[in-house]
Amino acid sequence: MKPYDVKLGRKQYHIIIAVLGAALIITGFFSYNAYAGKKQYQTFLQNNYQRSFRELVTDVENIKLLLEKAEISASPVQSNALMSQIWMQSYSAAENLGQLPITHNALSKTEKYLNQVGDYSYSISRINAKNKAADDKDMEQISKLRGYAGELLNLLHAMESDITEGKIKFGEISQKGRLILKKASKEAVDVKFGNMEDKFNEYPTMIYDGPFSDNVIEGKPKGLEGEDINLEKAREKAKKFLSGNKIGTIKEVSSGKGKIHTFGLEAIPKNGEKADSISIDITKKGGYVLWMLNPRDIPSKKLTDKQAGDKARKFLKEQGFGNLTETYFLKNDNTTTITFIGVTEEGILIYPDLLKVKVALDNGEVVGFDAYQYLMSHRKRDIGKPSLTEEEARGKISQKLEVERVKLAIIPMPGDKEQLCYEFKGKYNQFDYFVYINAETGEEENILRIIKDEDGTLTQ
């Protein structure tokens, strides 16, 4: 008998046909469910992105109106109120802009504008708080900012019409990845967002005492050390960082040329599913991981907050980070994003050395990482002894605050500066607060209220 020369009986033939038919039905069923699930997910994304976009438009409308009011205000008290509102609206606008599935490089100028509007208004409000009015130079700058708000608003309204007509579908944009401006149709996205950025090409340079002023924005990162690396070395760094994942190929998809130059990489799993690809940026100087995001589905929550924190701390230790301490956390979609800051051997908190780790609550895998602020700020610091004693600093805070603990802390200050402060944590009217007293002058530098709920701990 020749190999494979087998005759099937009628009964066996019918059985095979039935099995194949059932297999086809099952395959079709699962394929349909997968397709329906994908469409449902895209609709969910589209709705969320549209909501963020609508809120962005409202924020910019409010910014323009408030700037117009500020131009004709002659009262420091009224100006202070207006500037405080502009600061809050600008922060909200920047947050909503960040929620859209567009790369940061693509909207860097727009993001810079929103940050500077907020920070400039905050600097004016501090002047107003001393019962002083803004001078002519400041008012001229406010007028320019108002003009750019109008330009931005016109472009947003045009894009709003395109969204309504279905020319821009953010849910589909997100599925195409981080290089959407290169991959999407010219009519839909890159022209619209590109035109928005072009409007800011002549945006005036602003030098003032604020964390988003140009002299700070153009500053160099302090945490990058070592020689420049090539693409192959960047791939090795990425693969080592993603050691727990089954990575197949790693290819370059972008090249960041902002304050920190990076290789923008895409790590494709061995199964070849591009939808499961991990995005990771490696700095060209020193080969540090700047940012990473694994967009995989996280279907369940099995880990506690403590277990998630333990996973994050273990991960940072394995990556070679020095002394860090956990501060705040935020839970969302079966993940926990934990914020860490630096801490000296003497226990002094270093708030500028900040990084974030996102942990999946189904298995403890790190699915997100952001070290941008850490790499911009981290360095060896010569921290002197405070001029004020703890008791002297305690005398500078309100007696209404019921102090629970005191620590020394380095906090970021306007103008890319840092200041050693006493951090007083306490309670007032059932709320938790941080009060920061300058350890050199005794001035009250900042007050933060701690917001706690089931989804995390944040400050405002």
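The values are calculated or read from the model by the stated rules, or taken from the named source; none is laboratory data. Because the structure is a prediction, the values reported are computed rather than measured. We place every Cβ from the backbone using ideal geometry, glycine too, and count neighbours over all the protein chains shown.
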Any idea which of (1) under 21 Å from Ile350 (Cβ atoms); (2) in contact (Cβ under 8 Å) with a residue 60 or more places away in the chain; (3) not β-branched (Val, Ile, Thr) is the one Leu316 doesn't satisfy? (2)
State all residues of region 61-84 that are polar (S, T, N, Q) and modelled with pLDDT of 90 or more; if no residue qualifies, say none. Asn62
Could you please tell me which pairs satisfy a Cβ distance under 7 Å, a separation of 6+ or placement on different chains, a first residue in region 418-438 that is under 20 Å from Ser387 (Cα atoms), and a second residue that is at pLDDT below 95 and among the hydroxyl-bearing types (Ser, Thr, Tyr)? Cys421/Tyr436; Glu423/Tyr436
Conditions (1) surrounded by fewer than 17 Cβ atoms within 10 Å (Cβ to Cβ); (2) touching a residue at least 40 places away in the same chain (Cβ under 8 Å); number of the one not met by Asp333: (2)
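Where residues in region 313-353 are outside any strand (DSSP E or B), under 23 Å from Asp382 (Cα atoms) and among the hydrophobic types (A, V, I, L, M, F, W, C), which of them is nearest to the chain's Cα centre (by Cα)? Break it down into steps so the answer makes sense when it comes.
If we filter region 313-353 for residues that are outside any strand (DSSP E or B), which is where we start, we get 313-323, 333-334, 344-348.
If we keep only those that are under 23 Å from Asp382 (Cα atoms) as well, we get 320-323, 344-348.
Next, only the ones that are among the hydrophobic types (A, V, I, L, M, F, W, C) stay: 321, 348.
On the way: Phe321: 20, Ile348: 26 Å.
Here the answer is Phe321.
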Reported set for region 348-364 where residues are farther than 25 Å from Asp416 by Cβ and out of contact with any helix residue (DSSP H, G or I) (no Cβ under 8 Å at 6 or more places or on another chain) is Lys358, Ala360, Asp362, Asn363
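Can you tell me which of Lys301, Lys285 is out of contact with any strand residue (DSSP E or B) (no Cβ under 6 Å at 6 or more places or on another chain), surrounded by fewer than 18 Cβ atoms within 10 Å (Cβ to Cβ) and assigned by TED's automatic domain parsing to the domain that holds Asn332? Break it down stepwise before answering.
Working: Lys285 fails: out of contact with any strand residue (DSSP E or B) (no Cβ under 6 Å at 6 or more places or on another chain).
One residue alone meets the criteria, Lys301.
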Determine, yes or no, whether Ile451 is part of a loop (DSSP other than H, G, I, E, B) and either closer than 30 Å to Lys301 by Cβ or not assigned by TED's automatic domain parsing to the domain that holds Gly287 (or both). no
